[in-house]
1. Mind checking the angle between helix 303-315 and the chain's longest principal axis? C-alpha axes, 0 to 90 degrees, to the nearest 10.
2. Between L269 and Y12, what is the FRET efficiency for a Förster distance of 41 Å, r being their Cβ-Cβ separation, to the nearest 0.05?
3. To the nearest 20 debye, what is the magnitude of the charge dipole of the chain about its Cα centre, counting +1 on the Cβ of each Lys and Arg and -1 on the Cβ of each Asp and Glu?
4. Can you give me the distance in nm between label points at K165 and S358, each placed 7 Å from the Cα along the Cα-to-Cβ direction?
5. Exposure proxy check: H148, H158 ranked by fewest other beta carbons within 10 Å?
6. Rank the residues E350, E137 as a footprinting-exposure proxy: fewest other Cβ atoms within 10 Å of their Cβ go first.
7. Enter the angle in degrees (range 0 to 90, nearest 10) between the Cα long axis of helix 33-46 and the first principal axis of the Cα atoms of the chain, meaning the one along which they spread out most.
8. Go ahead and run the numbers for FRET between K299 and S26, Cβ-Cβ distance against an R0 of 56 Å, rounding to 0.05.
Amino acid sequence: MAYKIPLFKLNYDHKEEKAVLKTIRSKWISTGPKVDLLEKEFTKYLGAKFAIGLTNCTAALHLALEVLGIKEEDEIIVPSLTFVATVNAVRYVKAKPVFADITSYDDFSIDPKDIERKVTRRTKAIIVMHYGGFSCEMQKIMKIAQKHNLFVIEDAAHAPGSEYKNKKLGTIGHIGCFSFFSNKNITCAEGGMLVTDNDQYAKKVKSLRSHGMTTLSYARAKGHATKYDVLDLGFNYRLDDIRGALALTNFKKLKSDIKKREELKKFYLKQIGGLKNIIIPYRNFADKSSNYIFPILLKNSNAQKRDAVRENLSKKGIETSVHYPAVHRFSIYKHFKNSLPKTDYVTDNEITLPLFYSLTLNDIKYVSKSLKGAVSIL
């Protein structure tokens, strides 16, 4: 159905169209100069040493685990309140996901205390996911990692431009992974980026993203190389220049996008901040956030009541979503048993409200008024 107020709208205009057309007319559309420039701009923005363009964030997570040497039966501590790709990547290398609970109903990030409880002699790494663009407690998590000699991978799919204590997310752990999926703050439909300061990890990722080859097609086409070797059993995880041009153009809008989203979030808080039957997580968040989504949590509720509220909003032309169905409940992961009471409550009672660059204050007034009526029955 066509919603009066959708959950998300692309922040695209003629600039993206022009960038794609220019790339097509250049006669080079696979991995090449646009991806190279995107990587350079991303490293400069984040203050990182290396950024490597990939087909998506899932590929980045997979290659992160590959280059860190994660093996079969190694244990990786992961959140369950995340998109399933965060955990699927662990299974790609045949490691075991160990689910940790969230911190609280005000903070949906992975709980450092539960991470500490879940560490065993087989634990090799922690994957954190910066929910909604709000940082995890990275200082505590990095201390745990240092204490137990663990790797830390940041799933920063929601968090380009977000910070923790003035440091960009994705640059605090050993490897950071970003998404350029169609509804992200930076988008090129499908795409991702792996970020690291480690020379060896970067060299390995560059090889693995293109079949383990020693040179890319663009280098050979330009006469910089006439032959190549294959060093590793690699993958086809290259980002093409059409998407590179889109991401590069959209990336230039990130600063204004983040500023606008912060303003919209503040207006939401004025409109619904006083509702007694909802919790608004991260409402007093101190660090800089991309504000990828605007989640709320129903109090004294259950999945049926939450779905009824969403249906009520849908009938008024307002699209909502759920971030996320808990991964540990999916059939494929049910045998990895864990007790995650806070995650279970949130996955049953969270609602994501519309938030995007072109959302208007009147739109928010309408959503807020509709929400007040919908939750009045709780």
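1. Taking Cα atoms only, the helix is inclined about 90 degrees.
2. Details: r = 28 Å, r/R0 = 0.68.
After rounding, the FRET efficiency stands at 0.90.
3. Details: 62 positive and 39 negative charges, 131 e Å.
Charge dipole, the chain, about its Cα centre: 620 debye, nearest 20.
4. In this crude spin-label approximation the distance works out to 4.1 nm.
5. On the way: H148 15, H158 26.
Arranged by neighbour count, lowest to highest, H148, H158 become H148, H158.
6. Working: E350 25, E137 19.
Lowest to highest Cβ neighbour count: E137, E350.
7. 60 degrees
8. Working: r = 55 Å, r/R0 = 0.98.
FRET efficiency, K299 to S26: 0.55.
FYI, it's all coordinate maths here, none of it is from the lab. Given the structure is predicted, the values throughout are model-derived calculations rather than measurements. Note that each Cβ is placed from the backbone with ideal geometry, even for glycine, and that neighbours are counted across all protein chains shown.
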